[in-house]
Amino acid sequence: MMKAKEIAAALEDFAPLGTQEPWDNAGICIGSPEAEVSRVLVGFDCTAELLREAVRVGAGMVVTHHPLIFDGLKRIDPRDPVGEAVTLAVKNDIVVYAAHTNADKAEGGVNALMAARLGMVEPRPLDETNLAFIGRLANPMGGQEFCSMLKERFSLKVLRCSRPVERVCCVATSCGSGSSFADSAFRAGADAFVTADVSYHHFFVPEGHMIADIGHWESEREIVSQFVSVLQKKLPTFAVCTTTQENNNPIHYL
């Protein structure tokens, strides 16, 4: 058995809670830090399905990337997806924890994992938020080849992008909904900016630049295995489970 706060502390050595963005809600959102748990289940989103799995495997705590409670809750209705998850957690005494923007910007966190998957050389933060990185490709390539590389490395069925440029040498990345960093990325010299949740108007980019939307889940999913690795390394005798839901992306491409 271990207290929830000890598991949280292991994660916060990797992604300090104090580094989360002011609008975020990382940390424990349901349950007591003093709660004794014998097993933790790690997933991407804190859904009702994940919590039912936690009950099945006897996990007294779930750790996810996205917070279950993000905006203020005015009511808890079990017919609503968030309300159902909250109800399941409370009924089953499950502690709910999230590492969100603090994990995005951590060393070895989501943005660093994106940069590594792209093979970026010497990636560095685009600005003081650490929510976007910029670096150069080890092997510059044409825009069409770059798009094919994105699809292969992030296992994409489809890719949304602006018109491919002739050559991609410098790349900027921001996991999740990062289109607000596009202008800064291009000013900093990025030929291509890779992110997700790009709206229609953000695809109108300056000549000689391109933006690529690889999908929110696709840009961040690798953090689940990173959480597991961190916990297993810091708590080697504690039971850490990964969700059996191999593809829990709420967006389907038909």
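Can you give the accessible area per residue of the chain, in Å², using a 1.4 Å probe?
Values: 12510 Å² over 254 residues.
The answer is 49 Å² per residue.
Give the aspartates and glutamates whose C-alpha is closer than 13 Å to that of K233, dropping any in the same chain fewer than 8 places away, or say none.
Counting by Cα, and skipping residues close in sequence, K233 has these aspartates and glutamates nearby: D13.
Relative to the Cα centre, what is the charge dipole magnitude of the chain, using +1 at the beta carbon of each Lys and Arg, -1 at the beta carbon of each Asp and Glu, and rounding to the nearest 20 debye? Let's see the in-between values first.
On the way: 23 positive and 32 negative charges, 84 e Å.
Taking the Cα centre of the chain as origin, the dipole is about 400 debye.
Which residue, F14, V62, G109, has the largest displacement toward the positive end of the dipole of region 1-152 when charges sit on each Cβ (Lys, Arg +1; Asp, Glu -1)?
It is V62.
May I ask for the distance between the Cα centers of region 12-44 and region 173-199, given as a whole number of Å?
28
Of M149, H202, A188, which is farthest towards the positive pole of region 144-239's charge dipole, taken about the Cα centre with +1 and -1 on the beta-carbons of Lys, Arg and Asp, Glu respectively?
Ranked along the dipole, the leading option is M149.
Could you order F227, F133 so the one with the most accessible surface comes first? Probe is 1.4 Å. If you can, show how the numbers build up before the last one.
Working: F227 0, F133 25 Å².
In descending accessible area the options line up as F133, F227.
Of all the accessible heavy-atom surface of the chain, with the other protein chains kept in place and a 1.4 Å probe, what percent is carbon and sulfur? Mind showing how you got there, number by number?
On the way: 6300 of 12510 Å².
Of the solvent-accessible surface of the chain, carbon and sulfur hold 50 percent.
In debye, nearest 20: dipole of region 65-213 around its Cα centre with unit charges on the Cβ of K, R (+) and D, E (-)?
Numbers: 15 positive and 18 negative charges, 52 e Å.
Charge dipole of region 65-213: 260 debye, to the nearest 20.
With θ taken as phi - 60° and the coefficients 6.51, -1.76 and 1.60, list the Karplus ³J(HN,Hα) couplings across region 180-193 in order, rounded to whole Hz; mark glycine and proline as x.
Whole-Hz 3J(HN,Hα) from phi for region 180-193: 5, 8, 4, 4, 5, 5, 5, 5, 7, x, 6, 7, 9, 10.
The values are calculated or read from the model by the stated rules, or taken from the named source; none is laboratory data. This structure is a prediction, so every number in the text was calculated from the model and none was measured. Because the Cβ atoms are built from the backbone with ideal geometry, glycine has one as well, and the counts that use them run over all protein chains shown. To get the accessible areas, we keep the full protein, side chains included, count just its heavy atoms, and leave off ligands, DNA and RNA. Shrake-Rupley method; radii C 1.70, N 1.55, O 1.52, S 1.80 Å.
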